[in-house]
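Asker: Pasting a structure below so you can have a look.
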Amino acid sequence: MLWIPITVGAAALQVARNAAQRSVMTGAGPWGATLVRFLFGLPFALVFVGVLWLLTPGARFHPSASFFTACAAGAALQMAATASMLTAMHRSSFALGTAMQQSGLPFALVWGVLFFGDHVGPVVWLGGAIATVGLTALSWPRDGGVHMQRGALLFGLGSGAMFALSANFFRQGALALEPAHPVLSAFATVAVVQAIQTVSLTSWLLATNRTAVIAVIAAWRRSLGAGFCGAAASGLWFTAMALSPVGPVRAVGVVEMPIAALVGRRLFAERLSLWQWGCGALTALGVALAATG
């Protein structure tokens, strides 16, 4: 059950990374803010791998065609998912954008069973269903709460679906690289994925939108914080997914939602209604069932 506290730590670091990315988005746009987590996260990811390699004697990497295919597919999906999530946050709120991203929970369960051979018990399915209902009700716009602009829900749900599929690819990659040492394998997979994302997204933006790259570099202080939190969060996410199927990990990861609500209130002066807090409690019940199932 070590994957549970690892997932909680990953969720907290992810909220910090999202907050830093959102603060950069005004000048850099969604793709520039997406670049932040990869460009500034890669150096930290490489340092993490180096330290873990020294602390893990006898480890041997087994890179294969399936490993690099999984990394490339997951990298592309994660880039698109991040841009969609940031757009959803921009068109609604930080907390609700985070909540809509959690639609990845049911998608993770379904993708894992259909395409990756995961075995999920009935209690986990029940927890996932309850959490999904809570998240759906939470994300639905109501009078007196935070309102969503057109397209926010579509971008939010799209980010969840793509995050879930990319997570399953990353799990397969980490398991193929070094199954005997899941922590080292997870962080090494993060480094490979972020290298792919950094090169591809930087090249594309330099060709199509150099202003976004300049804005990212100009905000390097905030970007460094986002890079560190992003690399650490990804490493912990990948570690948890190497120890457990993606569906239960995503269920426990919904703890990110109340953390994001508190951060959104403190940093962005956002307030949630009693209805939204009640839906958050229902979601928490589903998380508990999914974790214990």
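The values are calculated or read from the model by the stated rules, or taken from the named source; none is laboratory data. Quick caveat, the model's predicted, so the values are computed rather than measured. Here the Cβ positions follow ideal geometry from the backbone for every residue, glycine too, while neighbour counts run over all protein chains shown. These area figures cover heavy atoms from the full protein model, side chains too; ligands, DNA and RNA do not enter into them. Shrake-Rupley method; radii C 1.70, N 1.55, O 1.52, S 1.80 Å.
Asker: With the structure loaded, tell me whether ALA186 is without any contact (Cβ under 8 Å) to a residue 60 or more places away in the chain and either among the acidic types (Asp, Glu) or open to solvent by less than 10 Å² (accessible area, probe 1.4 Å) (or both) or whether it fails that test. Let's see the steps before the verdict.
Answerer: Working: without any contact (Cβ under 8 Å) to a residue 60 or more places away in the chain: yes; either among the acidic types (Asp, Glu) or open to solvent by less than 10 Å² (accessible area, probe 1.4 Å) (or both): yes.
So ALA186 passes the test.
Asker: Moving on. Could you tell me whether the range 16-32 includes any residue that is surrounded by fewer than 18 Cβ atoms within 10 Å (Cβ to Cβ) and more than 23 Å from SER223 (Cβ to Cβ)? Walk me through how you get there before you give the answer.
Answerer: Keep residues of the range 16-32 that are surrounded by fewer than 18 Cβ atoms within 10 Å (Cβ to Cβ), which gives 26-27.
So of that shortlist, the ones also more than 23 Å from SER223 (Cβ to Cβ) come out as none.
Looking through the range 16-32, none of the residues is surrounded by fewer than 18 Cβ atoms within 10 Å (Cβ to Cβ) and more than 23 Å from SER223 (Cβ to Cβ).
Asker: Something else now. One residue is enough: does the range 155-174 have a residue meeting the conditions of a type in the set (Ser, Thr, Tyr), buried (at least 24 other Cβ atoms within 10 Å of the Cβ) and in contact with an Asp or Glu (Cβ under 8 Å, 6 or more places away or on another chain)? Break it down into steps so the answer makes sense when it comes.
Answerer: Keep residues of the range 155-174 that are of a type in the set (Ser, Thr, Tyr), which gives 159, 166.
Filter again for buried (at least 24 other Cβ atoms within 10 Å of the Cβ), leaving 159, 166.
Pick out the ones that are also in contact with an Asp or Glu (Cβ under 8 Å, 6 or more places away or on another chain) and you get none.
No, the range 155-174 contains no residue that is of a type in the set (Ser, Thr, Tyr), buried (at least 24 other Cβ atoms within 10 Å of the Cβ) and in contact with an Asp or Glu (Cβ under 8 Å, 6 or more places away or on another chain).
Asker: Identify, from the list THR87, THR69, THR98, THR82, the residue that is modelled with pLDDT under 75 and among the β-branched types (Val, Ile, Thr). Spell out the reasoning first.
Answerer: On the way: THR87 fails: modelled with pLDDT under 75; THR69 fails: modelled with pLDDT under 75; THR82 fails: modelled with pLDDT under 75.
Of the residues listed, the single one that is modelled with pLDDT under 75 and among the β-branched types (Val, Ile, Thr) is THR98.
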